[in-house]
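The values are calculated or read from the model by the stated rules, or taken from the named source; none is laboratory data. Every value quoted in this text rests on a predicted model; they were computed, and no experiment measured them. Don't worry about glycine lacking a Cβ; one is built from the backbone with ideal geometry, like all the others, and counts go over all protein chains shown. Each accessible area value is taken on the protein alone, full model and side chains, heavy atoms only, with ligands, DNA and RNA left out. Shrake-Rupley method; radii C 1.70, N 1.55, O 1.52, S 1.80 Å.
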Amino acid sequence: MVANGTIKPCKYRLSAPSSSANLGPGFDCLGLALDQRNEWEITLREGQAPGRCRLVENSGGGDLEQIPTDEEHLFFRSWRILHERGFGPDLSAMLREAGLEVELRAKNATPISRGLGSSAALRVASAAVYARTTGRSDRPAWELASQLEGHPDNAGAAGLGGLVLGTRDADGRYRLLCPPIHTCWKVAVAVPQFCLHTAGARDALPKELPLADAVFNMSRLGFLLEGLKSGDADLVSLGGQDRWHQEKRARLVPGLLKVMEAATAAGAATAFLSGAGPTVGAFVDQRRGEEHGLAVAQAMGRAFTEAGVESQVEVMSVDTRGLEVCPL
């Protein structure tokens, strides 16, 4: 909170959802928020070490030993990057000038580096705090986070909830559409118990794309969006096909193509690599009953097991809340 140009002590509670990106043909532009929510509590208070930022509590999300607890934590590092890229003032300097320390408490529902938008959710929350405490950013938190991510799919979904389709305009601003999604759709997921970092997954992709493959994906995307809107499983099945990235990343995720095949054989409308992976998701129609979605998830889990990969399975609803910020 800013008063007369000076940051004042304040406290916020924030939450943002997990998300799945790409969804088959929508590489780097299509994202969906899932009802697995992450929570943070951040306190700016007077202290003996002005400008110091600390992670004081952290739970969930997998292996936490590798996560920094000082200013190098992604929540705080994002502030520095936003300033360096010209999106606002130096928050660290403002904190020092105001004599304030920062304490962060995190409850991570999203597993880290599994393709479910853990970094995007955190960056959206971080950007929201940055904008509120500096009082000098006219951009929404999801767009600031998109600038950090380099694409708007996960960040847009985490910020706004629901289904998002994003692009970057000629001025470098990210733009979002929020296509409607039928209430029938849930997402069955199988989450392998190993990490796959986005940078490594991008290295597996070719630098150039054959024209026929580009046309293939572009032509599918409209059918996927219409099927998700109308609840038509046949359209989702046709529209969910991809030639850009999933087969190229199959060598990084043992059993990937077999897991996707198992999902559709069990009745899913389509299956997809969630973001950079290794999580696999599948659209299931809850009008067919709760047991249908669970059966799809379990089929995916068995296929991973046959490939020698341990995984956890569940069925998630679509999150429609997006980022929530509550001053305390």
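Please report the antiparallel percentage of DSSP beta bridges with both residues in the chain, rounded to the nearest 5.
Of all bridge pairs located within the chain, approximately 90 percent are antiparallel.
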222 nm mean residue ellipticity, helices alone, for the chain (DSSP H n ≥ 4; -39,500 (n - 2.57); rounded to 500)
-10500 deg cm²/dmol
Could you tell me which of rounded, prolate or oblate describes the range 44-144, using a ≥ b ≥ c as the square roots of the eigenvalues of the alpha-carbon gyration tensor, with rounded for a/c under 1.5 and, failing that, prolate when a/b is larger than b/c and oblate otherwise?
oblate
For q values of 0.25 Å⁻¹, compute log₁₀ I(q)/I(0) with the Debye formula on a Cα-only model of the range 226-294, without solvent.
-1.14
State, as an integer percentage, the relative contact order of the chain based on alpha-carbon contacts under 8 Å between residues 6 or more apart.
24
What is the spread of the Cα atoms of the chain along each of their three principal axes, largest first, in whole Å?
60, 41, 37
In degrees from 0 to 90, rounded to the nearest 10, what is the angle of the helix 256-265 Cα long axis to the longest principal axis of the chain?
60
Relative contact order (percent) for the range 209-316, with alpha-carbon contacts under 8 angstrom and 6 or more residues of separation?
20
Å² per residue, accessible surface of the range 1-54 at 1.4 Å:
37
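Packing-wise, with mean Cβ within 10 Å as the measure, how do 37-45, 92-100, 268-276 rank, highest first?
Per-residue Cβ counts within 10 Å, averaged per peptide and sorted highest first, yield 268-276, 37-45, 92-100.
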Can you compute the modelled spin-label distance between Gln312 and Ala49, with each label point 7 Å from Cα toward Cβ, in nm?
3.1
Which of Val253, Val315 is most accessible, then next, and so on - probe 1.4 Å:
Val315, Val253
With a/c under 1.5 counting as rounded, go ahead and sort the range 173-217 into rounded, prolate or oblate using the C-alpha gyration tensor (a ≥ b ≥ c being the square roots of the eigenvalues; past the cut-off, prolate if a/b is larger than b/c, else oblate).
oblate
What does the highest-first list of 294-300, 226-232, 17-23 look like by mean Cβ count within 10 Å?
17-23, 294-300, 226-232
Accessible surface of the chain, 1.4 Å probe, proportion on carbon and sulfur as whole %:
49
Tell me, how many Å apart are the Cα centres for the range 207-283 and for the range 165-189?
16
Accessible area of Ile67, 1.4 Å probe, to the nearest 10 Å²?
40
Note the angle between two axes, namely the Cα long axis of helix 118-134 and the longest principal axis of the Cα atoms of the chain, as a number of degrees from 0 to 90, rounded to the nearest 10.
30
Looks like the range 196-328, by Cα gyration tensor root eigenvalues a ≥ b ≥ c and the a/c under 1.5 rounded cutoff (else prolate when a/b is bigger than b/c, oblate otherwise), is rounded
Express the accessible area of the range 210-316 per residue in Å², computed with a 1.4 Å probe while the remaining protein chains stay in the model.
46
The answer for Asn38, listing residues at least 5 apart or on another chain whose modeled amide H is closer than 5 Å to its amide H, is Ala16, Ser18, Ala109
Debye sum, Cα scatterers, the range 189-270, no solvent: what log₁₀ I/I(0) at q = 0.24 1/Å?
-1.21
Ignoring ligands and nucleic acids, what accessible area does Asp35 show with a 1.4 Å probe (Å², nearest 10)?
80
Mind checking which lysines have their C-alpha under 26 Å from Lys229, skipping anything on the same chain fewer than 8 residues away?
Lys186
Counted charge near Leu257, where neighbours are those whose Cβ lies closer than 12 Å (Asp, Glu -1; Lys, Arg +1)
+1
